[in-house]
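To start, the structure itself, in structure tokens.
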Amino acid sequence: MATYLDVAATTRVDQRVADVVMHWMTEDFGNAGSRTHEYGTRAKRGVQRAREYLAATVAAEPDELIFTSGATESNNIALLGLAPYGERTGRRHIITSAIEHKAVLEPLEHLAGRGFEVDFLRPGSSGRISVDEVTERLRPDTLLVSLMHVNNETGVIQPVAELARRLRATPTYLHVDAAQGYGKLPSDLTAPIDMISISGHKIGAPKGIGALIVRRRAEMDDERVPLKPIMFGGGQEWGLRPGTLPVPLIMGLAKAAEIFQDERPEWEEGARALRTRLLQALESVRFRINGDQEHIVPHILNVTIEDVDAEALIVMLKDTAAIATGSACTSASYTPSHVLRAMGLPEEVASNGLRFSWVPVQASDLEVEELARIISKLQPRS
């Protein structure tokens, strides 16, 4: 079996998490909204404990966290849910980056069709957006800045904490898609970010669970971000996200976050060690690294192998390493990466970017020398 190197797409559920999920599916299986019996009471208490723990990981209050199906839904609630306020107040200007995930770009394209003006900033070859460039674009009618925490293709860390501190003195809200950064860079997300989207399946939790942090601003007349629901059918989650709470998944998310927090030092050390091994092995071939390596998470590496077709290489590596060309959400189409293109990289580079991403303990058996040998067979001699 090939070594799995695509954790930016999804991770294996930790067995300790699976045990928790199974318990809440088969033993404490009550509906957290049921108030007339002990099954519902236990489920409600469990959800409250999970809410308190998860909110505390980003220095938020428990009632500032709502559970969702994942970062995509959280992004949609944050962006589309703020739109009515923007329309009502005449604040229709939004700033974002051209390297965002499709779960941000497509809702914003929808808002552009409703009369919003969206500025798509390009980061240059570093893949990192400048805080100064964002603040220079601010206008009296700027409603929102939406900037991802960690890019899902390059692993480049965006300066969201600094941006949050700058924007706090303005009426402009900040939304951060933290699908790739949650758990890995905890101090960044304790900054005064108005809205944070979280995904569970990037840290060993099941697919189908996430959260949206919606912080208060005590210095504003309306302390809460003025979101409106985008779905209807119940009063759960303060009326912003209707539907029966998936208690087993919520408890699994909390357990996964707890494990990741406890084991993060070992994860980081292992991730850096594997990165070093991989880069040393690749020294035997001609390649370039895509993205600013001074601001990078340790477990994602994006490279372009010179004179080698990325899709052909993935096929050749299928028994050695499971890797990707970019976001799993767009992998069915073999178009050049919109992220690498937005960075202004040459077409042959953007068309052949490869993303390696790993959990150290699951990738410890990676045969880096064999991987480099296969690459060298495809690469013409210079």
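Residue 90 meets each of the listed conditions (1) in contact with a strand residue (DSSP E or B) (Cβ under 6 Å, 6 or more places away or on another chain); (2) surrounded by fewer than 17 Cβ atoms within 10 Å (Cβ to Cβ) apart from (1). Only residues that are in contact with a Pro (Cβ under 9 Å, 6 or more places away or on another chain) and surrounded by 18 or more Cβ atoms within 10 Å (Cβ to Cβ) were counted in segment 42-54, giving 2.
Could you go through segment 327-334 and let me know if any residue there is surrounded by 15 or more Cβ atoms within 10 Å (Cβ to Cβ) and either in contact with a strand residue (DSSP E or B) (Cβ under 8 Å, 6 or more places away or on another chain) or not β-branched (Val, Ile, Thr) (or both).
The answer is yes; a qualifying residue exists.
The number of residues in segment 335-360 that are modelled with pLDDT under 90 and either loosely packed, with under 15 Cβ neighbours inside 10 Å or in a strand (DSSP E or B) (or both) comes to 1.
Answer yes or no: is there a residue in segment 79-97 that is among the basic types (Lys, Arg) and at pLDDT below 95.
Looking through segment 79-97, none of the residues is among the basic types (Lys, Arg) and at pLDDT below 95.
Test residue 276 against the stated conditions and say whether it is of a type outside the set (A, V, I, L, M, F, W, C) and either touching an Asp or Glu at 6+ places or on another chain (Cβ under 7 Å) or surrounded by 18 or more Cβ atoms within 10 Å (Cβ to Cβ) (or both). So residue 276 fails the test. Counting only strands (runs of 3 or more DSSP E) that sit wholly inside segment 192-308, those with at least 2 residues that are assigned by TED's automatic domain parsing to the domain that holds residue 22 and closer than 23 Å to residue 127 by Cα are 195-199.
Residue check: residue 117 meets all listed conditions (1) surrounded by fewer than 22 Cβ atoms within 10 Å (Cβ to Cβ); (2) of a type outside the set (Gly, Ala, Ser); (3) in contact with a strand residue (DSSP E or B) (Cβ under 6 Å, 6 or more places away or on another chain); (4) under 30 Å from residue 357 (Cβ atoms) but one, namely (4). Of all residues being under 30 Å from residue 343 (Cα atoms) and of a type in the set (A, V, I, L, M, F, W, C) in segment 244-273, which is surrounded by the fewest Cβ atoms within 10 Å (Cβ to Cβ)? Just the residue, please. Once the filter is applied, the top-ranked residue is 273. How many of the residues making up segment 140-182 are among the hydroxyl-bearing types (Ser, Thr, Tyr), surrounded by fewer than 24 Cβ atoms within 10 Å (Cβ to Cβ) and not in a strand (DSSP E or B)? Residues meeting the conditions: 2.
Identify, from the list 74, 69, 34, the residue that is surrounded by fewer than 21 Cβ atoms within 10 Å (Cβ to Cβ), within 17 Å of the chain's Cα centre (by Cα) and assigned by TED's automatic domain parsing to the domain that holds residue 181. Answer to the check: 69.
Residues that are crowded, with 20+ Cβ neighbours inside 10 Å and at pLDDT 95 or above within segment 283-307 comprise 290, 291, 296, 297, 299, 300, 301, 302, 303, 304, listed in sequence order. Determine whether segment 313-320 contains at least one residue that is assigned to a loop (DSSP other than H, G, I, E, B) and crowded, with 21+ Cβ neighbours inside 10 Å. No, segment 313-320 contains no residue that is assigned to a loop (DSSP other than H, G, I, E, B) and crowded, with 21+ Cβ neighbours inside 10 Å. Of the numbered criteria (1) free of Cβ contacts under 8 Å to residues at least 60 places away in the same chain; (2) under 23 Å from residue 356 (Cα atoms), the one residue 198 fails is (1).
The values are calculated or read from the model by the stated rules, or taken from the named source; none is laboratory data. Source: prediction; values computed, not measured. Neighbour counts are summed over all protein chains in view; Cβ atoms, including those assigned to glycine, are modelled from backbone coordinates with ideal geometry.
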